[in-house]
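Student: First the structure, which I've put down as structure tokens, then a few questions once you've had a look.
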Amino acid sequence: MPGGGRCPDCGSTELVEDAHYSQSQLVCSDCGCVVTEGVLTTTFSDEGNLREVAYSRSTGENEQVTRSQQRGLRRVRDLCRVLQLPSTFEDTAVAYYQKAYQHPGIRAARLQKKEVLVGCCVLITCRQHNWPLTMGTICTLLYADLDMFSGTYMQIVKLLGLDVPSLCLADLVKTYCSSFKLFQASPSLPAKYMEDKEKMLSRTLQLVELADETWLVTGRHPLPVITAAAFLAWQSLQPSARLTCSLARFCKLANVDLPYPASSRLQELLAVLLRMAEQLAWLQVLKLDKRSVVKHISDLLQHRHTLIRKAFREGTLEVEALEKELQGRGPGQGQGKEEVGNSASELPEGKRPASPALLLPPCMLKPPKRVCPAPPASTVTGDENISDSEIEQYLRTPQEVRDFLRAQAAGQAATSNPNPP
């Protein structure tokens, strides 16, 4: 063997390289002693000189996959198979997981965060391929906390510098509503509650588009909005038999979970529909409420673009034009006043007509209450001693300066001669 190495047992120099195993070893041909067993080296010259290399300096540290990473890779593949994703999605998610795991902040994170990392890589892959999958679905499969998942998701997107498109709302509606158990007859589903899938999907999509146009979707989780829209669409298709069914019972019949904010999104949608119904002449005389307006959803959706524009945008312009007309009549035209009062909603003199609500996001119509911080408690009582240097900054006129100097001289004289004869 070149390099002059010797066997530690017999002292022979006949050392040969045994490449039978995955890691090459030096073996003594005379006595069969394995000379380099368990020695981590980087180059053949180190092996020839029998010099040991620390594990932290060897190449094995970077090449070895830890058990935690192996478990995460298996979880990524298992999750892709459970969701029945294409094989290309699985390869992309695995690549993202391996790339994210190389960062020290992820490698040293807790097990809960590494488990959430599995779902984040799968969700990023689905979003990039326009596959309709929600964050809530993955959290349910992984039993993960939604807040931790969303924070980890944003961290991975920023860490890897990925461009993730927003979720397509129409595809999400179709995927989510297709899981409802309302389209096939079953013993647990009454016949009056069964509905045609295509009709319900079409109307639900129209209601979701209406919610999007009226700022009810922006900045919010989409599933509560879709649940409320699906409930209204289902009721409007057969209102006589379904108006008595509640939202909670609808979700139970459809075999889906009831999102917590879905009730609030339902009330907001009904309020928008009532505003639109006020613009239709044949509905103004019916005095609709949030229960009866469901029967006329088909007519409202048919003219929704015009009704939204009239209800939210042109209403303010009409009020302003009416005010200008009242001011232009002048105070001396009594007959004109009477005519305007009879024609313009018979408003009393001096009263402004009520202006309709503007088309604004709900966060601006009902802003959250902010806690005002308490003012700091003042420790100044007014009885504190004031130094001479501080008094000088309050003197303004020459007379005040002379009076202060005279008083200061008198005080010093009294101090120096406390007992005059």
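Student: What figure in square angstrom, to the nearest 10, would you give for the accessible area of residue 215 with a 1.4 Å probe?
Tutor: 100
Student: Let me ask you something else. Given the C-alpha atoms of the range 67-160, compute the convex hull and give its volume per residue in Å³.
Tutor: 85
Student: Please list 3J(HN,Hα) in residue order for the range 361-366, calculated via the Karplus relation 6.51 cos²θ - 1.76 cosθ + 1.60 where θ = phi - 60°; whole Hz, with x for glycine and proline.
Tutor: For the range 361-366, the Karplus-derived couplings read x, x, 5, 8, 6, 10 Hz, x marking Gly and Pro.
Student: Let me ask something additional. Within the set of other residues whose C-beta is less than 13 Å from the C-beta of residue 188, count the net charge using Lys and Arg as +1 and Asp and Glu as -1.
Tutor: Result for the local shell: +3.
Student: Need the list of lysines near residue 114 for cross-linking: C-alpha distance under 24 angstrom, and skip anything on the same chain fewer than eight residues off.
Tutor: Within the straight-line cut-off, residue 114 pairs with 99, 158.
Student: Right, another one. How far apart, in nm, are the 7 Å Cα→Cβ label points at residue 197 and residue 289?
Tutor: Taking the simple label geometry, residue 197 and residue 289 are separated by 3.8 nm.
Student: OK, next. Output the direction-averaged projected area (hull surface divided by four) of the convex hull of the alpha-carbon atoms of the range 169-309, in nm².
Tutor: The Cα convex hull of the range 169-309, projected and averaged over all directions, gives 8.0 nm².
Student: Still on this structure, I have one more. If you plug each phi of the range 116-121 into the Karplus form 6.51 cos²θ - 1.76 cosθ + 1.60 with θ = phi - 60°, what whole-Hz ³J(HN,Hα) values come out, in order, with x for Gly and Pro?
Tutor: Using θ = phi - 60°, the values come out as 5, 4, 4, x, 5, 5 Hz.
The values are calculated or read from the model by the stated rules, or taken from the named source; none is laboratory data. Nothing here was measured: the structure is a model prediction, and the numbers come from that model. Using ideal geometry, Cβ is built from the backbone for each residue, glycine included, and neighbour counts are taken over all protein chains shown. Calculation scope for accessible area: heavy atoms of the full protein, side chains included, ligands and nucleic acids excluded. Shrake-Rupley method; radii C 1.70, N 1.55, O 1.52, S 1.80 Å.
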